[in-house]
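Structure first, then comments.
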Amino acid sequence: MFDLRRREFITLLGGAAIAWPLAARGQQPAMPVIGYLSARSPEDTAHLLEAFRRGLSEVGFFEGHNVTIEYGWALGQADRLPELAADLVRKPVNIPVSTGGESAALAAKAATSTIPIAFIIGGDPVKLGLAASYRRPGGNATGISILTATLEPKRLELLRELVPHVSTIGALLDPNFPPYEGQLRDLREAARSLDLRIEELRASTDAEIDLAFETLARQRIAALTVVAGPFFDTRREKLVALAVRHAVPTMYHFREFAVAGGLMSYGIDARIIYRHIGVYAGGILKGEKPTELPLLQPTKFELVINLKTAKTLGLKVPLTLQVAADEVIE
């Protein structure tokens, strides 16, 4: 579990609502419309949608009652996002909310420079050009960076602690994910510091995922880290099943993987983030300006270990890791 920067979050709730100009207000439909743009799929994010709606309700918005939500799902295919974003803007919507990573946020930003945007990404929104600064984003976009794209070295370190005898660890990356180059660079540096060799595996299709696991088996690579990315989130069940079938101890980036039978995960509880982006979206609908809403970041992360899966794999999880875990699934 983790806390957001509470002082900044309270600023949102306590700030005075600023009404949009009457001319702009008159161009909007009677019931405000949120354009929900996701790089993922409705099936793998049902619980996150519930959290998003809960956040909206905390500031007085209820889907179908006093707000409409139009959905655009890329289903893990980043090349679909630009047209989905453009379609939502054409409807029109009062605010696009982009989730599922950098690709969705960049598509929303490219689709409109005037409509307010709220986003969730895994990396640095300032470096991506989504905002001018964390405290005063400027422009028409603000949101939350969950930092998941920057945590690969820590995940590698935790996996090495679980399998200390391993000299080579596979890393499965999506080359179509915008933070890919930075993730790969971080992994290589972390591997050198841990005296590890990294077998770099790339996949952006189901067939390439299958090929990656065939490569693991053929080269007898004894452990794997699945590098954060929305495409892999949409293939959660497939990845977990392949890791168990090939008996490969695997590290993931979201707790949902461990809950689904994956060995371990390290990252944020995304439900908390989605609730907060719902609050941000509701605040913007009430008149808050994105340029004045600070970017938020998590400050704590959770380690989840599935002991049942460890037993299936014939692994003994060190007591130090069990004690350090925020959640142990037995």
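The values are calculated or read from the model by the stated rules, or taken from the named source; none is laboratory data. Here the structure is a predicted model, which means the values were calculated and not measured. Glycine gets a Cβ as well: all are built from the backbone with ideal geometry, and neighbour counts include every protein chain shown. Accessible surface areas use protein heavy atoms only, side chains included; no ligands, DNA or RNA. Shrake-Rupley method; radii C 1.70, N 1.55, O 1.52, S 1.80 Å.
So which of Thr150, Thr99 ends up being of a type outside the set (A, V, I, L, M, F, W, C), within 24 Å of Arg271 (Cβ to Cβ) and surrounded by fewer than 24 Cβ atoms within 10 Å (Cβ to Cβ)?
Numbers: Thr99 fails: surrounded by fewer than 24 Cβ atoms within 10 Å (Cβ to Cβ).
Exactly one of Thr150, Thr99 is of a type outside the set (A, V, I, L, M, F, W, C), within 24 Å of Arg271 (Cβ to Cβ) and surrounded by fewer than 24 Cβ atoms within 10 Å (Cβ to Cβ), namely Thr150.
Return the pairs, sorted by first residue and then second, in which the second residue is among the basic types (Lys, Arg) and assigned to a helix (DSSP H, G or I), the first residue lies in the stretch 165-194 and is without any contact (Cβ under 8 Å) to a residue 40 or more places away in the chain, the beta carbons are less than 7 Å apart, and the residues are 6+ apart or on different chains.
Close Cβ pairs satisfying both conditions: Leu194/Arg160.
Just name the residue that is most open to solvent (accessible area, probe 1.4 Å) out of those in the stretch 168-203 that are touching a helix residue (DSSP H, G or I) at 6+ places or on another chain (Cβ under 6 Å) and polar (S, T, N, Q).
Of everything passing the filter in the stretch 168-203, Asn176 is most open to solvent (accessible area, probe 1.4 Å).
Among the residues of the stretch 310-317, is any open to solvent by 10 Å² or more (accessible area, probe 1.4 Å) and part of a helix (DSSP H, G or I)?
The answer is yes; a qualifying residue exists.
Based on this model, can you work out whether Thr291 counts as open to solvent by less than 60 Å² (accessible area, probe 1.4 Å), out of contact with any Phe, Trp or Tyr (no Cβ under 9 Å at 6 or more places or on another chain) and either part of a strand (DSSP E or B) or more than 30 Å from Lys109 (Cα to Cα) (or both)? Don't jump to the end; show me each part of the working.
Values: open to solvent by less than 60 Å² (accessible area, probe 1.4 Å): yes; out of contact with any Phe, Trp or Tyr (no Cβ under 9 Å at 6 or more places or on another chain): yes; either part of a strand (DSSP E or B) or more than 30 Å from Lys109 (Cα to Cα) (or both): no.
Taking the combined requirement at face value, the residue does not satisfy it.
Pull up the stretch 59-86, narrow it to residues that are assigned to a helix (DSSP H, G or I) and not basic (Lys, Arg), then point me to the one that is surrounded by the fewest Cβ atoms within 10 Å (Cβ to Cβ). Write out each step before concluding.
Taking the stretch 59-86 first, the residues assigned to a helix (DSSP H, G or I) are 78-86.
Retained after the next criterion (residues that are not basic (Lys, Arg)): 78-79, 81-86.
Values: Ala78: 23, Asp79: 11, Leu81: 27, Pro82: 16, Glu83: 13, Leu84: 24, Ala85: 27, Ala86: 15.
Selected residue: Asp79.
Any residue in the stretch 82-110 that's basic (Lys, Arg): show its pairings with residues that are open to solvent by 30 Å² or more (accessible area, probe 1.4 Å) at Cβ separation under 7 Å, as long as the two are six or more apart or on different chains.
Note: pairs meeting the criteria are Lys91/Glu70.
Could you grab the pairs with beta carbons closer than 8 Å, sequence gap of 6+ or different chains, first residue in the stretch 310-330 and among the charged types (D, E, K, R), second one open to solvent by 40 Å² or more (accessible area, probe 1.4 Å) and modelled with pLDDT under 95?
Asp326/Met1
Quick grid of which residues meet (1) farther than 24 Å from Ala325 by Cα; (2) buried (at least 22 other Cβ atoms within 10 Å of the Cβ):
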{"position": "Glu208", "(1), (2)": "yes, no"}
{"position": "Val227", "(1), (2)": "no, yes"}
{"position": "Phe231", "(1), (2)": "yes, yes"}
{"position": "Ala241", "(1), (2)": "no, no"}
{"position": "Arg245", "(1), (2)": "yes, no"}
{"position": "Thr250", "(1), (2)": "no, yes"}
{"position": "Arg255", "(1), (2)": "no, yes"}
{"position": "Gly262", "(1), (2)": "no, yes"}
{"position": "Gly267", "(1), (2)": "no, yes"}
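Return the residues of the stretch 105-149 that are β-branched (Val, Ile, Thr) and touching a helix residue (DSSP H, G or I) at 6+ places or on another chain (Cβ under 7 Å); say none if nothing qualifies. If you could, list the steps in order and put the result at the bottom.
So in the stretch 105-149, the residues β-branched (Val, Ile, Thr) come out as 112, 114-115, 117, 120-121, 126, 142, 144, 146, 148.
Those that are β-branched (Val, Ile, Thr) and touching a helix residue (DSSP H, G or I) at 6+ places or on another chain (Cβ under 7 Å): Thr112, Ile115, Ile117, Ile120, Ile121, Thr142, Ile144, Ile146.
Of all residues in the stretch 32-44, which are buried (at least 24 other Cβ atoms within 10 Å of the Cβ) and either among the aliphatic types (A, V, I, L, M) or more than 13 Å from Val97 (Cα to Cα) (or both)?
Ile34, Leu37, Ala39
Quick test of your reading of the structure: Val89 fulfils all but one of (1) open to solvent by less than 10 Å² (accessible area, probe 1.4 Å); (2) β-branched (Val, Ile, Thr); (3) not in a loop (DSSP other than H, G, I, E, B). Name the failing condition by number.
So Val89 meets the others, but not (1).
Kindly indicate whether Ala107 is of a type in the set (Gly, Ala, Ser), at negative phi and either open to solvent by 20 Å² or more (accessible area, probe 1.4 Å) or modelled with pLDDT of 95 or more (or both).
Values: of a type in the set (Gly, Ala, Ser): yes; at negative phi: yes; either open to solvent by 20 Å² or more (accessible area, probe 1.4 Å) or modelled with pLDDT of 95 or more (or both): yes.
So Ala107 passes the test.
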